[in-house]
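Working notes, structure below.
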Amino acid sequence: MKKPETRATLYVVGNINVDLIMSTLREWPKKGTEAMLESSSLRPGGSAGNCALALAALESPYRLVANQGHDQFTFWLASLFPESAPHWPTYECETSLTFGVTHPDHERTFFSNQGHIVRLSMQDVLAQIPETAQPGDWVLLCGTWLCTALYAEYPQLLATLKDRGYFVAVDSGWPPQDWSNALREQTATWLPFCDALLLNEVETLGLADSSQLDEAARRLLAKMPNNAFCVVKCGPDGARLWAANLALHQPGQPVEVVDTIGAGDSFNAGFLSALIYGLPLATALQWGVRVAGCAISSSPRRYPDWQSLFGLVEKT
Ligand SMILES: Nc1ncnc2c1ncn2[C@@H]1O[C@H](COP(=O)(O)OP(=O)(O)OP(=O)(O)O)[C@@H](O)[C@H]1O
Ligand SMILES: [Mg+2]
């Protein structure tokens, strides 16, 4: 099969950082002691980083729009994204790093520094995205609540991206300070420029201040542009999509889960890749679920190749 062509690109904007995950912490250690754990893994992470890793494996046309710190990790992260990293501005600060421990019940506890991601600015982002979009270009904004300087500029950033002709998607994640009416009012200043929300169930309910998904999605759609849609990622139940006159459901893949980190980010990569190739929303849901299912059931992590994803298109 020859890879279908597209002139469109997906620009992924947000947090790329270092993840150090250690397993397994059975009980919380006493202050001042040392605990030996069986294993550790050091890898790139962050919502934008996870999504970009999946896009690279899918060979989708993408750019990772980010910034970087200035320490031993800087070169390593940059070396993983050779086409994007030369455009990242450097800040004289430590690299953003998350240290996590897993517990026997698969719960995890994370500690993060601030590092470069809190310094990413609108100017940094706009300098890395062409002044005029190609037809079908998408920008995905993720790590919303962690990229704090960028979040302060969201209304202007989204408006500018729309002016430049891009479709804009947002996967905000869960706000660490929890939802409040003040936060909801802030989101109302940028939702009118947001063509797609890619949230999970509790995020959708929290943002819409609703206890029912269908109602929540419709409430959010009412604040978004015409033709916008809300995607709701539902874990093992797959993903749902609501648009003005459309409701879709793609069931989850029955997989044995080994590592759910970045499930939602891998979904985003599959879903938006399909849109970059001009495929229908139902296919995009299939691609999202397939990429996430493959990612979370493999260790070391694997992703489907583009041949198997386009194979799904032929079947339908
Ligand atoms: N247990 C599971 N079994 C099968 N598929 C799953 C499972 N958990 C997640 N997925 C797949 O991954 C996708 C995204 O996962 P989820 O709904 O948990 O999003 P999320 O909460 O945003 O994830 P993240 O915590 O990575 O941000 C789902 O839509 C589904 O396709
Ligand atoms: Mg998520």
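The values are calculated or read from the model by the stated rules, or taken from the named source; none is laboratory data. Given the structure is predicted, the values throughout are model-derived calculations rather than measurements. Cβ coordinates were reconstructed from backbone atoms using ideal geometry, including for glycine residues, and neighbour counts include every protein chain displayed.
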Tally, over the range 33-51, of residues that are farther than 28 Å from residue 144 by Cα and assigned to a strand (DSSP E or B)
1
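Please verify whether residue 153 is more than 16 Å from ligand 2 (Cβ to nearest atom) and surrounded by 15 or more Cβ atoms within 10 Å (Cβ to Cβ), treating the condition exactly as stated.
Values: more than 16 Å from ligand 2 (Cβ to nearest atom): yes; surrounded by 15 or more Cβ atoms within 10 Å (Cβ to Cβ): yes.
Answer is yes for this residue.
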With criteria (1) outside any helix (DSSP H, G or I); (2) away from ligand 1 (no atom under 16 Å from the Cβ); (3) of a type in the set (A, V, I, L, M, F, W, C), residue 161 comes up short on (1)
Residue 168 meets each of (1) in contact with a Leu (Cβ under 9 Å, 6 or more places away or on another chain); (2) of a type outside the set (Phe, Trp, Tyr); (3) part of a helix (DSSP H, G or I) with one exception, condition (3)
The listed residue being buried (at least 20 other Cβ atoms within 10 Å of the Cβ) and of a type in the set (Gly, Ala, Ser), out of 288, 311, 278
288
Where residues in the range 61-75 are without any contact (Cβ under 8 Å) to a residue 24 or more places away in the chain and farther than 21 Å from residue 146 by Cα, which of them is nearest to the chain's Cα centre (by Cα)?
75
Please specify each residue of the range 247-277 satisfying the condition of being modelled with pLDDT of 95 or more and among the small types (Gly, Ala, Ser).
247, 252, 263, 264, 266, 269, 270, 273, 274
Of all residues in the range 1-47, which are more than 24 Å from residue 76 (Cβ to Cβ), in contact with a Lys or Arg (Cβ under 7 Å, 6 or more places away or on another chain) and of a type outside the set (Ser, Thr, Tyr)?
none
Could you grab the pairs with beta carbons closer than 7 Å, sequence gap of 6+ or different chains, first residue in the range 132-148 and free of Cβ contacts under 8 Å to residues at least 60 places away in the same chain, second one of a type outside the set (D, E, K, R) and outside any loop (DSSP other than H, G, I, E, B)?
145/151; 148/118
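Mind checking which helices (runs of 4 or more DSSP H) fall wholly inside the range 67-158 and carry at least 2 residues that are out of contact with any helix residue (DSSP H, G or I) (no Cβ under 8 Å at 6 or more places or on another chain), modelled with pLDDT of 95 or more and not charged (D, E, K, R)?
Working: elements: 72-80, 122-127, 148-152.
Fully inside the range 67-158 and qualifying: 72-80, 148-152.
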At least 2 residues that are away from ligand 2 (no atom under 14 Å from the Cβ), touching a strand residue (DSSP E or B) at 6+ places or on another chain (Cβ under 7 Å) and without any contact (Cβ under 8 Å) to a residue 60 or more places away in the chain in each: list the helices (runs of 4 or more DSSP H) lying fully within the range 212-298 that qualify.
213-221, 281-296
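Among the listed residues 127, 169, identify the single one that is among the small types (Gly, Ala, Ser), on the phi < 0 side of the Ramachandran plot and surrounded by fewer than 17 Cβ atoms within 10 Å (Cβ to Cβ).
Going through 127, 169 in turn, just one is among the small types (Gly, Ala, Ser), on the phi < 0 side of the Ramachandran plot and surrounded by fewer than 17 Cβ atoms within 10 Å (Cβ to Cβ): 127.
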